[in-house]
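Report on the structure given below.
What follows is calculated from the coordinates using simple rules that are stated; it is not laboratory data. On a predicted model such as this, the values are computed, not experimentally measured, just so you know. Cβ atoms come from the backbone with ideal geometry, glycine included; neighbour counts cover every protein chain shown.
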Amino acid sequence: MKVTSYGAAETVTGSCHLVETNGHRFLIDCGMFQGSKNLNRRNYAPFEFDPATIDFLILTHGHIDHCGLLPKLTRYGFSGSIYTNPATADLLSAMLMDSAFIQEKDTEHENRRRERRGFEPREPLYTRDDVPAVLESIRRTEYDSSVEISPELRFILRDAGHIIGSSIVQLFVTEGNATKTVIFSGDLGQWNVPIIEDPSIIPRADYVFIETTYGDRLHKEPEPRKESLFHHIKETYERGGKLLIPSFALERTQELLYTLSELIHEKPDFPNIKIYLDSPLAIKVTEVFHDHPEIYDEDARARKDTPFKFPELVCTPKTEDSMALNKLKEPAIIIAGSGMCTGGRIRHHLKHGIWDPRNTVLFVGYQAEGTLGRHLLDGADEVRMMGDIFRVKAHIERIHAFSAHADRDELLGWIDAFIEKPKRIHLIHGEKRVMESFAELLNQKGYETHIQVAGIAVELN
Ligand SMILES: [Zn+2]
Ligand SMILES: [Zn+2]
């Protein structure tokens, strides 16, 4: 049996692993590279394998760095089944259509620039027309049920507790008269976060491929997030202002809505205020959460109300409804994308509200260097947006949100839960230096490790 990683090897994004055994060739994930220009360029390079020779694919979850190249894969000849959890299946249409739309828009923009410089126009990576073929190939696969591909190959998806529908893949491969268990962790979640279950613990494995995003970091104790959210709502309300929350469409927005609906129930002094969800993608993703109560953890299931649909919540999918929010006189909470203010409707709300000292801009997620969100958090007095300069007079605040990834000790704990030490732990989905430090920790504990290198096949004997 052979495994070759084509992405998420010494890097975090572009997750894609080819498994070959007994004449089967299949992929785990086919994600997009995200981040720097160099990484982005890798999305345009031809696949290093022929997509037409791949029998099937197992998709761990709906983040674009795991599923974002599926339309390209089918465009270049892949015609097998895509096995994934039903909640992920429901997310895919929204996530891939949104990604395709961004590809089309970005290419249009880029081509205008190329034309001015006398360069040939470029094709988009894929378009919305490529998405239906992906959706038609999906085979909905429940957690904990065995899927038999052949007498020598079967697999089970286990809850990875990372985002809705996220899976760990447990492969059972028979070669000769021995059956080996190989585990791909997918992205592993943190323990004790709202809405979803904790990651599944698996007792036995011969080989483990584990993500190492935070293999060198410990998450601080989450601050009383709910209380600080409430504090910012009240303060902004008392000033007669708007609370603008730039938020990521998948998981973070739903965590916010979940917490907001809790606050409305628990706090008699919660202001009489409307909450606008002003992001077409986040609205669609929230529908998927609403439709899949089977993925909720015990606390979420115990709730008597519907945490993602409540009277104070107003969804504004249409552009004209979004624009009407700019004329709103009374205080309001507006949740809009993108999470780092690099695009999307939040920029319009900032344009209409960043100069008003009654307002608050509240960050609930990581802000990468070079983004507008980061500039604001770093205390910029003015910002440039949409060809204009704006004074920053609104209050700029942040809440350290839960991370969707397990930290170093949680990853170690997950590995230590194997009853017998696996033969080898393969490190994927992390920056090189993080992988090296995590590998060293594992070696000290007596584990054999291997850092996956892109394009180099490893034998699992
Ligand atoms: Zn992920
Ligand atoms: Zn990932």
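Brief remarks follow.
- About the Cα centre, charge dipole magnitude for the chain (Lys/Arg +1, Asp/Glu -1 at Cβ), debye: 1460
- Peptides 452-460, 62-70 ranked from most to least packed by the mean count of surrounding Cβ atoms within 10 Å: 62-70, 452-460.
- Between 332, 109, 210, the Cα set farthest toward the positive side of the dipole of the chain (charges on each charged residue's Cβ, about the Cα centre) is that of 109.
- Residue 382 long-range amide H proximity, modeled H, under 5 Å: 392
- Amide hydrogen neighbours beyond the local backbone of residue 209, cut-off 5 Å, H modeled: 183, 184, 185, 426
- Largest first, the three principal axis extents of the alpha carbons in the chain are 72, 58, 39 Å in whole numbers.
- Relative contact order (%) - the chain, alpha-carbon pairs under 8 angstrom, separation at least six: 19
- Packing, taken as the mean count of other beta carbons within 10 Å per residue, orders the peptides 181-187, 235-241 from highest to lowest as 181-187, 235-241.
- Net dipole in debye of segment 225-398 [+1 Lys, Arg Cβ; -1 Asp, Glu Cβ; about Cα centre; nearest 20]: 580
- Residue among 323, 302, 257 farthest towards the positive dipole end of segment 225-398, charges placed on Cβ: 323
- Think of it as helices only: each DSSP H run of n ≥ 4 in the chain is worth -39500 (n - 2.57), and spread over all residues that comes to -9000 deg cm²/dmol at 222 nm.
- Database remark: amide H of residue 247 closer than 5 angstrom to the amide H of 336, 337, 339 (H placed geometrically; neighbours at sequence offset of 5 or more, or on other chains; Pro and chain starts carry no H).
- Segment 58-134 versus segment 244-292: alpha-carbon centroid distance in Å: 27
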